[in-house]
Structures are given as structure tokens and as C-alpha cells.
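Peer 1: One structure, pasted below without further comment.
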Amino acid sequence: MADIFERLVKNYGPLGQHRERAYGYFAFPKLEGEIGNRMKFRGKDVIVWSLNNYLGLANHPDIRKADADAAAQFGLAYPMGARMMSGNSTYHEQLERELAEFEGKEDACLLNYGYQGMVSIIDVLCSRHDVIVYDAESHACIIDGVRLHPGQRYVFKHNDLEDFEKQMQRASSIIEKQGQGGILVITEGVFGMAGDQGKLKEIIALKDKYDFRILVDDAHGFGTLGATGAGAGEAQGVQDGIDLYFSTFAKSMASIGAFVAGDRKIIDYIRWNIRSQIFAKSLPMPITIGNLKRLEMLRNLPEMRKKLWDNALKLQAGLKERGFDIGNTDTMVTPVYMKGGVEEATAMVMDLRENYGVFASVVVYPVIPKGHIIYRLIPTASHTDQDIEDTLKAFSETKAKLDAGAYKVEAVPDMAEAR
């Protein structure tokens, strides 16, 4: 009989195999100082493009005061227990009502975390007779939720309506053959890596042709898209057609938690059956009250969203003018696509951080195919024109080095030794 632990330490996985060199620098880095456009990394000032603090709320003085006042009044323990048993409060219910109203839905249910929340929603909605149809570039929380689904599931090519219909036809034939079950379509309002919006309008228009319900993960769209910031559904004019609208507080709200909104009867079913919430401690009061303040500011200060978009469009225009490939993004998420190997990407990241003071997240093999590099820049309302100008200069100069092969000869040190 094999020892489970022995098997694990023989293969740390595609990311874990690089742990000794990557820890503390390329993975698990420590950004220090006040959350904002400029922070400290290993003692040096850097322009930070890796935080989803879209509206700059993380360190807004009104937010800090609301968080501090709630913590002083209630502490972190209150309320104790799961909401169903002993952890409910007027503030939790108020936050649900306000979120539902903001999203144009009848009701909303609070969730402790975005990732765990989405996995749990899929679990509570779908039986083994139901079929799930989902976008190929869905976030890991959707992928993991779908993997746990005991029934059939079909994936359609990213934002490909022709392939979507093909998978819908397959799903419909399964339901017809079974004589029971239904179809749940899952996609995103904004795809967090490429920055393009999901084709919500086109998919929802197919409800007349196919019988399905749609669940939309709008983690990046909430607070950033639409006339009021209600998200991708509002931006595309199809919010009413979204059966279940999901988002996390971890991005525009710069907080913890999540919610799902929809028809009252369905939200009530979720509330009374979602095991991850029934058996989990309620969101602490400082977080709940803090989220109420964040939602208030998100609704009432559209200038924050305008500043975010001003910065995003300046950054994206500057990159395109300099010949960079930023793909098909139509949101603030700004990917930068390049060619190069893992070692080249490693050396380039170090050059950007150490010599140019630019901290940006990078994605390489095995997350994406060999020979490709993707930087993902996240502009926020906190960034300045100087941040953008300095970053554009840094990317232009390091890209020239990459193309000239300069990073191929760089010796990349073991960053674990410098912890």
C-alpha cells in the first residue's frame, strides 16, 4: 500500500515544482505599505498593477472609518455561529436587500467567499439529471464547481455562439432522452484574464430557442460596468434576462464575501439548502457593515468609476500606440501578450520590478502554452498619469530587450534564498 504523503511529495504539481525558486518573489510575494497604486516590494517602491482595487476603496478614509467603527463596536466574533442558527443580524439582511435592489433582482443571498460561493451555488442548483453548459475560459471556481457535478456537462469554445448552440443541442437531447432534468448555462460578465465581456446579450436571446437558465459570474463587472455600476448585464441591456447574478466583494468593493441575486423563490431555495453557508460561520459584523458602506459609495460616487475608466483607456491606448497586443479586451482588465519562454519571462519580470519599479502579474507555462507570456495589468481609480507614463516606458524598454534576446542569457537566481 502506498503512503499518500509520499506520493504527494514526489510530485508537487505544475506550479509547486517551482516552489523553491519562486516563493516570495514570483509566487507568494509580499507587497507592503498602504494598499494603493504604489507600494513596497522587498524594500523598493513599485507601481502596482496586480490588485483588483478597481475603485480605490481599499484605503478610502470613509471606508477605513466604517471598518474601524464597526470593529470597535462589535469586534470580529459577532455574530457567532452560522446565520441559520445564531449568526443572523439586521445588517446582514439590510446588505442583502440593498444588493438585490442595486442589481434589479427580487432578493439576494450573502456568501462568505466568492470562490467557495460559486462552487456551492452549482452544487445546490444542479441534480444528477441536470446538464451544465459553460464557457471554456470560465474562472477556476466555475470549473471546480462543474467538476463536482454528478451529471452531464458540456463546454463551449470561449464566446463562440456557434459552438454554444452545438453544445445546447447536445444538452437538450440528453434532457429529452432522460425525460427529466434541466439545463444550466454558466458564463462570466467579464473574463478576468482576457478582459473581454461574456456574450450575455446573444446567449440570453437564445432562451426563446432553447430552454435553459443562466448563471452569470460578474466578479469583475460588478461596480465597473453599466450606467450605475450594476455590471455587465446592465452594460449589455440584459440584466432582466440573467436568472442568477453572482459577484464577489473582493474586487470593486475591496473586501471579503460574495452574493447571488435572483428571483425570491430561487434565492430562498438557495438560502435554505446551500450547505457551505448553513454550516459556516456568518460574515463578521465589521465586514458586513463595511460592505454596506462600500456599496453606498459604489452607488453614490460615479466619479470613482469614471476615473477607473479614464485610467484604463489611457493605459490601453498607450500600449496599442506602442505596438503591444492587448487582445480583445473591452473592459478595464488589460492583458499584454508576448512571445517568450519561462526563463525569459522570469528575467523580464525581475527587470521590471528591480530596475523599473513596476509590479505586474505574469502568466506563463504551464498555465498557458509554451512560448507565450501574458502580463495582466489591472488599472484602478488610484493610478495616476505618471504611473501610466512610467509603466508604458518600462514595458517598451523591456519588450525591446525581450525581442533582442537579452533575457535569454540572464541567470535567474534562486529567489527562495533571498527570503
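A short reminder: the numbers here are calculations on the coordinates, not readings from a lab. Note that the structure is predicted; figures quoted are calculated from it, not measured. Quick reminder, even Gly has a Cβ in these numbers, built from the backbone with ideal geometry, and neighbours come from all protein chains shown.
Peer 1: Condition check: surrounded by fewer than 23 Cβ atoms within 10 Å (Cβ to Cβ) and hydrophobic (A, V, I, L, M, F, W, C). Does Val124 satisfy that?
Peer 2: On the way: surrounded by fewer than 23 Cβ atoms within 10 Å (Cβ to Cβ): yes; hydrophobic (A, V, I, L, M, F, W, C): yes.
Yes, satisfied.
Peer 1: Going residue by residue through segment 241-261, is there one that turns out to be over 20 Å from Gln116 (Cβ atoms) and in contact (Cβ under 8 Å) with a residue 60 or more places away in the chain? Give the derivation first.
Peer 2: Start the filter on segment 241-261 by keeping residues that are over 20 Å from Gln116 (Cβ atoms), which leaves 241-243.
Subsequent filtering for residues that are in contact (Cβ under 8 Å) with a residue 60 or more places away in the chain retains none.
No, segment 241-261 contains no residue that is over 20 Å from Gln116 (Cβ atoms) and in contact (Cβ under 8 Å) with a residue 60 or more places away in the chain.
Peer 1: With the condition kept exactly as written, say whether any residue in segment 143-154 is of a type in the set (Gly, Ala, Ser) and either in a helix (DSSP H, G or I) or on the phi > 0 side of the Ramachandran plot (or both). Walk me through it before giving the result.
Peer 2: Step one: of segment 143-154, the residues of a type in the set (Gly, Ala, Ser) are 145, 151.
Narrowing the set further to residues that are either in a helix (DSSP H, G or I) or on the phi > 0 side of the Ramachandran plot (or both) leaves 145.
Within segment 143-154, one or more residues are of a type in the set (Gly, Ala, Ser) and either in a helix (DSSP H, G or I) or on the phi > 0 side of the Ramachandran plot (or both).
Peer 1: Given the residues Ala317, Ala312, which is the only one that is small (Gly, Ala, Ser) and under 22 Å from the mean Cα position of the chain (by Cα)? Explain how you work it out, then say what you get.
Peer 2: On the way: Ala317 fails: under 22 Å from the mean Cα position of the chain (by Cα).
After applying the criteria, what remains is Ala312.
Peer 1: Hey, which of the strands (runs of 3 or more DSSP E) in segment 38-135, taking only ones fully inside, have at least 1 residues that are out of contact with any Lys or Arg (no Cβ under 7 Å at 6 or more places or on another chain), under 30 Å from Lys177 (Cβ atoms) and β-branched (Val, Ile, Thr)?
Peer 2: On the way: elements: 38-41, 44-48, 107-111, 131-135.
Correct list: 131-135.
Peer 1: For segment 297-318, what are the residues that are without any contact (Cβ under 8 Å) to a residue 12 or more places away in the chain and of a type outside the set (A, V, I, L, M, F, W, C)?
Peer 2: Asn300, Glu303, Lys306, Asp310
Peer 1: Can you say whether Tyr54 is of a type outside the set (Gly, Ala, Ser), surrounded by fewer than 20 Cβ atoms within 10 Å (Cβ to Cβ) and in contact (Cβ under 8 Å) with a residue 40 or more places away in the chain, as far as the supplied structure shows? Walk me through it before giving the result.
Peer 2: Details: of a type outside the set (Gly, Ala, Ser): yes; surrounded by fewer than 20 Cβ atoms within 10 Å (Cβ to Cβ): no; in contact (Cβ under 8 Å) with a residue 40 or more places away in the chain: yes.
In short, no.
Peer 1: Mind counting the residues in segment 231-252 that are more than 16 Å from the chain's Cα centre (by Cα), assigned to a loop (DSSP other than H, G, I, E, B), surrounded by fewer than 24 Cβ atoms within 10 Å (Cβ to Cβ) and of a type in the set (A, V, I, L, M)?
Peer 2: Here the count works out to 1.
Peer 1: Hey, among the residues in segment 71-109 that are free of Cβ contacts under 8 Å to residues at least 12 places away in the same chain and closer than 24 Å to Tyr245 by Cβ, which one's surrounded by the most Cβ atoms within 10 Å (Cβ to Cβ)?
Peer 2: Glu101
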